[in-house]
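Each remark here refers to the structure printed beneath this line.
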Amino acid sequence: ILTACLASFAHGSNDVSNAAGPVSAIYDTWKHGRVDVSGNSPVPKWILAMAGGGIVLGLLTLGYHVMRRVGNGITYLTPSRGFSVELGASLTVLTASQLGLPVSTTLCLVGATVSVGLCNGNLRAISWRNIGIIFMSWMLTLPISGLLAGLIFAFGSNAPNKMI
C-alpha cells in the first residue's frame with residue numbers, strides 16, 4: 001500500500017508539473033506581453049488544478065486500459081514484483097522531479113515492469129507484442145497531439161472576429 005501511495009505522489013509531483021509548466025509559461029507570456037527568460041514565472045493555482053484535472057480525466061477515460069496492459073500484459077507480476085516495480089518507478093520519478101527533469105511516470109512504470117520481468121533470466125517472460133503496442137502508442141502520441149493542436153489553432157485563428 002505504501003508503494004502505491006508513493007507512486008501516486010510521484011505521479012502527481014512530476015506529471016502535473018509536466019502539464020502545468022508549459023501552460024503557465026504561455027499564460028505568463030500572454031498576461032505580461034513578454035517572455036520570462038529567468039524561468040521563475042509563478043504558476044497560478046488554477047493551472048495546477050487544471051493539470052491535475054487533466055490527469056484525473058485521463059485516468060477516468062483510458063486509465064483502466066493502460067493500467068491493465070502495464071500491470072497484467074507485460075509480464076507475470078506477484079506482490080513482491082509489484083512492490084519492486086512501484087518502488088523503482090516511484091524513486092526514479094521522484095529523483096527526476098528533484099533534478100527538474102521531465103519524465104513520464106508511465107514510461108518509468110513500463111521500464112520497471114520490463115526490468116522485473118527480465119530478472120527471470122528468460123526473454124520469453126516479457127510479452128514483446130504488448131511492448132510493441134505500448135511503444136507504437138507513444139510514437140503516435142506526438143503527431144496526433146500536434147495535429148489536434150494545429151486543428152484547434154486553425155479553428156480559433158480562422159474564426160470570425162468582427163460583428164456584422
Exercise. For segment 4-56, what are the residues that are among the aromatic types (F, W, Y) and either open to solvent by less than 80 Å² (accessible area, probe 1.4 Å) or closer than 30 Å to M67 by Cβ (or both)?
Worked result: F9, Y27, W46
Exercise. Is it true that L59 is of a type in the set (A, V, I, L, M, F, W, C) and either more than 22 Å from A96 (Cα to Cα) or modelled with pLDDT under 85 (or both)?
Worked result: yes
Exercise. Out of (1) more than 22 Å from I133 (Cβ to Cβ); (2) buried (at least 18 other Cβ atoms within 10 Å of the Cβ), what's the single condition that is false for V110?
Worked result: (1)
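What about L151, is it among the aliphatic types (A, V, I, L, M), part of a helix (DSSP H, G or I), open to solvent by 100 Å² or more (accessible area, probe 1.4 Å) and modelled with pLDDT under 90?
So L151 fails the test.
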Seminar exercise, completed: Exactly one of L99, L77 is open to solvent by 20 Å² or more (accessible area, probe 1.4 Å), touching a helix residue (DSSP H, G or I) at 6+ places or on another chain (Cβ under 9 Å) and of a type in the set (A, V, I, L, M), and that residue is L77
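Would you say G52 is closer than 22 Å to Q98 by Cβ, assigned to a helix (DSSP H, G or I), out of contact with any strand residue (DSSP E or B) (no Cβ under 7 Å at 6 or more places or on another chain) and without any contact (Cβ under 8 Å) to a residue 60 or more places away in the chain? Break it down into steps so the answer makes sense when it comes.
Numbers: closer than 22 Å to Q98 by Cβ: yes; assigned to a helix (DSSP H, G or I): yes; out of contact with any strand residue (DSSP E or B) (no Cβ under 7 Å at 6 or more places or on another chain): yes; without any contact (Cβ under 8 Å) to a residue 60 or more places away in the chain: yes.
Against the criterion (closer than 22 Å to Q98 by Cβ, assigned to a helix (DSSP H, G or I), out of contact with any strand residue (DSSP E or B) (no Cβ under 7 Å at 6 or more places or on another chain) and without any contact (Cβ under 8 Å) to a residue 60 or more places away in the chain), G52 qualifies.
Restricting attention to segment 1-48, which residues are outside any loop (DSSP other than H, G, I, E, B), within 30 Å of F83 (Cα to Cα) and β-branched (V, I, T)?
The answer is T3, V16.
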Exercise. Scanning segment 93-117 for residues that are without any contact (Cβ under 8 Å) to a residue 24 or more places away in the chain and among the polar types (S, T, N, Q), which turns out nearest to L6 (Cα to Cα)?
Worked result: T95
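The values are calculated or read from the model by the stated rules, or taken from the named source; none is laboratory data. As the structure is a prediction and not an experimental result, all values here were calculated from the model. Here the Cβ is made from the backbone with ideal geometry for all residues, glycine too, and neighbour counts use every protein chain on show. Side chains are part of the model used for accessible areas, which takes the heavy atoms of the whole protein and leaves out ligands, DNA and RNA. Shrake-Rupley method; radii C 1.70, N 1.55, O 1.52, S 1.80 Å.
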